[in-house]
Every structure is written in C-alpha cells, then in structure tokens.
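What follows is one structure encoded as structure tokens, with my remarks underneath.
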Amino acid sequence: MPPVLIGYLILRHFKMENGIIWWLTLASLVFYGWWKPIYLPLLLGSVVVNYAIHRVLLKTQDRFILIFGIVFNLALIAVFKYADFFIGNVNALAGADVPLLHLALPLAISFFTFQQISFLIDTYKGQVTECDFPRYMLFVVFFPQLIAGPIVMQKETIPQFRLAIFRSRLMLNLAVGATLFAIGLFKKIVLADGIAPYANTVFGLAETANGVPFEAAWIGALAYTFQLYFDFSGYCDMALGLARMFGIRLPVNFNSPYKATSISDFWRRWHITLSHFLRDYLYIPLGGNRSGVSRQKANLMVTMLLGGLWHGASWNFVFWGGLHGAYLVINHSWSALVAKGYVPNILPKPVAEFSARGLTLLAVIVAWVYFRAESFDGANAIIYGMTGLSTVYEPKLWETVTLGTAPIWAGLALLAGIVFLLPNSIEFTERYNPILGVKKFVAQRKTQGFLPLRWRPSYGWAAGLSAIGVVSMVQVYRLAEMTEFIYFNF
C-alpha cells in the first residue's frame with residue numbers, strides 16, 4: 001500500500017489521469033501475482049477475451065455472442081473450481097476411477113468472473129455504450145476489491161476512474177479510508193482471529209469425536225458465527241478504506257446482517273453485492289415472482305442452491321444454500337399469510353421484533369454449522385450437541401474446550417455487544433459518504449437501535465483509531481499462524 005499510494009500521489013499532482021489508471025492496474029496485477037504468478041496469465045486472458053466480446057456486442061448485440069461469453073466465463077469456473085467435485089461424484093455414483101485434476105483454485109476467480117459476466121450482459125442490454133480498455137481492466141482487477149469483493153457493476157466504478165474523482169478532497173479521502181481500514185484490520189486480526197481457535201477446536205473434534213457436549217457445541221457454533229461476521233465485515237471495511245484512499249467509493253456489501261428481522265432481511269444485509277447479482281442475473285431471468293407462487297418458490301430454491309454451490313465445491317455448501325432457500329420459502333409464505341390477515345399480530349411491536357430477530361439469528365447459526373463443517377457427520381454432531389440430543393461422547397476430548405469456559409462466554413458476550421449495540425462501520429462514518437448511495441442507505445434504515453457514535457476528523461478519533469491499528473499490527477506478529485480471509489476461498 002505505501003509505495004502504491006506514493007505513486008498515486010505523484011501522478012495525481014501532475015494531473016496524469018491515464019497514468020493513475022495504469023499505475024493502479026499494474027499495482028493490482030503485482031498484488032494478484034504475488035500469490036501464484038502462474039495464474040496471472042489466466043486473469044489477463046480472461047480480461048482480454050471478455051473485453052473483445054464486449055467490443056463485438058457493441059457492434060452486433062447478438063444473443064449468441066452473449067451466450068458464448070457467459071459460457072466461456074462459466075467454463076473457467078467449472079474447470080478450476082468444480083472439476084474435481086464433479087469427477088469425484090461421478091466416480092462415487094458410477095464406481096469409476098477417473099483421476100482428479102488437483103487444480104489449485106485461482107485466487108478471486110468467482111469474483112472477477114461474475115463481474116465480467118455482468119459487464120457483458122449490461123453491454124448486450126445497451127447499458128454500456130463505450131469503455132476503453134484501461135478503465136475496463138482496472139474495473140476487473142482493482143486490488144481493494146479483487147480478492148473477495150464486493151462484486152461491483154460497471155456503472156458503479158468505471159465512471160469514477162477519472163481525474164476529477166482522483167483529485168477530489170485528498171485529506172478527507174485519506175482520513176475516511178484510513179479509518180475504515182483500521183476498523184476492518186482490528187475486526188479481522190483481533191476479533192475474528194481471536195475467537196477462531198475455539199471454533200476450529202470444536203469443529204475439528206466434531207469430525208473425529210464420538211458426540212459433542214451441549215456447551216461445547218454452542219461454543220463452537222457461536223464462535224464461528226462471530227468469527228465469520230468479523231472476518232467478512234472486516235474485509236469489507238478494509239476494501240472500502242483502501243479504495244477510498246484513491247477517491248473511489250465502492251457499494252455497500254455488509255450491513256449488520258445479524259440485526260435482521262427475517263431471512264429476506266438477512267440477505268438484504270449479508271454479502272449484498274452477491275445477493276444483487278443472484279437476484280438480477282439468475283432469480284429474475286428464471287422468472288422471479290412473475291409466474292405464480294409455486295414458480296417463485298422454485299426459483300428461490302434454485303437460486304439459493306446455486307448460490308451455495310458458488311461458495312465452494314462441496315455438498316455442505318449446497319445443503320447450506322438449500323437451507324436458506326427453504327428459509328426464504330417459509331419466510332415468503334408466512335409474510336403472505338400475515339398480509340392476508342390469516343395470522344393475527346397479538347404481540348407488542350418490541351416483543352415481536354425481538355422474537356423475529358432471535359428466530360432469524362437461530363436459523364442463520366444452524367445453517368452456519370453446515371457451512372463451516374468439513375462433513376455432514378461433523379455438522380450433525382454439532383447440531384445434535386446444540387439440541388442436547390448428543391449423549392455419547394468422550395469427556396477427556398472436550399476438556400480443552402469446556403475447561404474454564406467463563407472467559408469464553410465473556411468473550412462471546414463482548415462480541416455480541418459489539419454486533420448488536422454499536423453502529424457498523426458505514427453508520428459510524430456515514431456523514432462522510434463512505435459508500436456509493438449513502439443517502440439511500442441512511443433512508444432505508446428502520447431503527448436507530450445502537451449507540452449514537454459518529455466519526456469525524458479530529459485528533460481524538462485519530463488517536464483512538466491509531467491505537468487499534470497499532471494493537472492489530474502487534475497482534476499480527478504475535479499470531480502463531482496467519483489466518484486467511486475466509487471469503488478468499490470462494
């Protein structure tokens with residue numbers, strides 16, 4: 001980051017718009033290639049081929065060309081992400097022995113592929129009239145959001161790649177960006193990685209132990225629930241912060257999803273850009289809710305099953321997606337009954353809202369167990385333990401988990417307080433436009449159910465955020481083993 005920012009500031013000073021675009025592109029390619037240079041040609045090839053298809057679509061708007069582009073992109077994902085999954089299932093069903101390919105998953109392939117599919121579809125619809133290659137390439141490879149999102153649309157970032165944006169309000173951009181980055185780093189390194197060992201221990205033992213005790217099961221499930229929350233929201237904050245240092249605003253991708261009052265509300269808050277992509281480019285083309293209730297429910301299930309498969313080549317992810325599909329079907333059915341007056345609303349509003357949040361969160365936690373577990377047996381062992389149905393287990397195996405659990409529960413309570421009482425990072429900095437469409441974001445907020453903390457550029461906030469940044473960096477060097485961002489796997 002430091003040399004990239006210095007180069008940007010020099011080019012900004014000399015008002016070199018194309019220089020800034022190519023500098024950020026080069027930096028992004030170096031950043032991507034640092035992991036495994038062998039996959040850099042794959043990224044570059046994908047960018048060149050998709051841009052060529054875009055140019056053809058501008059001239060012809062041929063549906064066959066669009067289908068070819070979509071198939072090309074999906075084929076890349078199919079080969080690198082799902083080939084071994086399909087081969088393994090065919091071998092299991094047919095009793096065959098086809099050798100697995102053992103291909104490493106190219107970093108960010110799902111994210112840059114989805115972005116380019118959306119770009120081709122927008123081109124076909126006439127929503128993209130002209131885009132030069134340098135801006136298109138930066139749109140795909142921009143390093144703050146390349147690895148794990150947010151999935152951005154062309155209309156959101158490409159118009160920002162111009163000198164007027166790069167040269168706007170430098171000190172405020174740096175202040176807001178550094179603030180978001182520091183918060184995200186603290187969430188990831190201190191909070192998410194701090195609770196991760198408890199989740200890893202429980203889920204690891206669940207794969208081998210004979211049953212999981214009640215307390216251990218809940219410790220594991222809740223630890224992972226908070227680990228994933230702070231890991232992913234931390235990444236989103238850091239992405240927003242890095243982009244803002246260059247004057248670029250990204251769309252919101254994470255909005256306090258554990259405060260949701262329904263599963264539909266949850267998916268309006270969790271991985272928002274993926275939800276929008278699945279809605280706009282899968283659910284609606286399938287027919288959405290235009291062909292009757294039964295078709296709508298089928299479309300929901302198909303969308304969520306494929307959304308689960310998008311997260312990884314595993315039946316656990318498919319089952320997780322299916323669970324959320326079933327949740328959404330139940331949610332829509334219940335809402336229809338309420339709308340028609342078949343279900344009387346007898347609870348006071350605060351009680352009803354609290355109950356809705358509690359039930360939604362419980363459903364999400366149960367689904368996370370299958371999302372995290374390495375196998376169905378391991379996930380079922382945790383679920384049986386959470387319900388108290390697991391009565392056969394080896395106590396000695398669980399002593400490391402349950403011994404001295406008071407500090408664990410205190411830590412989980414502290415994380416819950418942060419999640420449910422404090423404003424999220426976007427709310428915290430909302431006066432300074434941390435995201436695209438911040439006015440709409442604020443207008444859609446239904447409740448002020450959090451402490452009214454708001455950031456502003458001041459010495460006090462600078463000192464406080466610098467302190468948590470230092471704590472995070474110290475923790476980096478104290479960790480015995482670095483933990484990757486969870487969503488980089490997808």
>> Condition first: at pLDDT below 95 and among the small types (Gly, Ala, Ser). Can you find one or more residues in the range 319-329 that meet it?
In response: no
> Taking the range 137-148 as the search range and keeping residues that are surrounded by 23 or more Cβ atoms within 10 Å (Cβ to Cβ) and aromatic (Phe, Trp, Tyr), which one is farthest from the chain's Cα centre (by Cα)?
Replying inline: 139
> Of the conditions (1) outside any helix (DSSP H, G or I); (2) over 23 Å from the mean Cα position of the chain (by Cα), residue 151 fails just one. Which one is it?
Replying inline: (2)
> Given the residues 313, 352, 367, which is the only one that is closer than 24 Å to residue 147 by Cβ, outside the structural domain of residue 75 (by TED's automatic domain parsing) and aliphatic (A, V, I, L, M)?
Replying inline: 313
> Looking only at residues in the range 386-426 that are under 18 Å from residue 214 (Cα atoms), among the aliphatic types (A, V, I, L, M) and touching a residue at least 12 places away in the same chain (Cβ under 8 Å), which one is surrounded by the fewest Cβ atoms within 10 Å (Cβ to Cβ)?
Replying inline: 392
> From the residues in the range 369-400 that are part of a loop (DSSP other than H, G, I, E, B) and of a type outside the set (Ser, Thr, Tyr), which one is modelled with the highest pLDDT?
Replying inline: 373
>> So residue 305 ticks every box in (1) of a type outside the set (Gly, Ala, Ser); (2) under 30 Å from residue 438 (Cβ atoms); (3) modelled with pLDDT of 95 or more; (4) within 18 Å of the chain's Cα centre (by Cα) but one. Which box is left unticked?
In response: (2)
> Could you say whether any residue in the range 363-380 is free of Cβ contacts under 8 Å to residues at least 24 places away in the same chain and of a type in the set (A, V, I, L, M)?
Replying inline: no
> Which residue pairs have Cβ atoms closer than 9 Å, lie 6 or more positions apart in sequence or on different chains, and pair a first residue in the range 287-307 that is on the phi > 0 side of the Ramachandran plot with a second residue that is in a helix (DSSP H, G or I)?
Replying inline: 287/295; 287/296; 287/298; 287/299; 288/279; 288/295; 288/296; 288/299
> Exactly one of (1) part of a helix (DSSP H, G or I); (2) over 28 Å from the mean Cα position of the chain (by Cα) is unmet by residue 129. Its number?
Replying inline: (1)
> Right, residue 442: surrounded by fewer than 16 Cβ atoms within 10 Å (Cβ to Cβ), at pLDDT 85 or above and of a type in the set (Val, Ile, Thr) or not?
Replying inline: no
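The values are calculated or read from the model by the stated rules, or taken from the named source; none is laboratory data. Keep in mind the model is a prediction, meaning the values are calculated, not measured. Here Cβ is always computed from backbone atoms with ideal geometry, including for glycine, and neighbour counts include all displayed protein chains.
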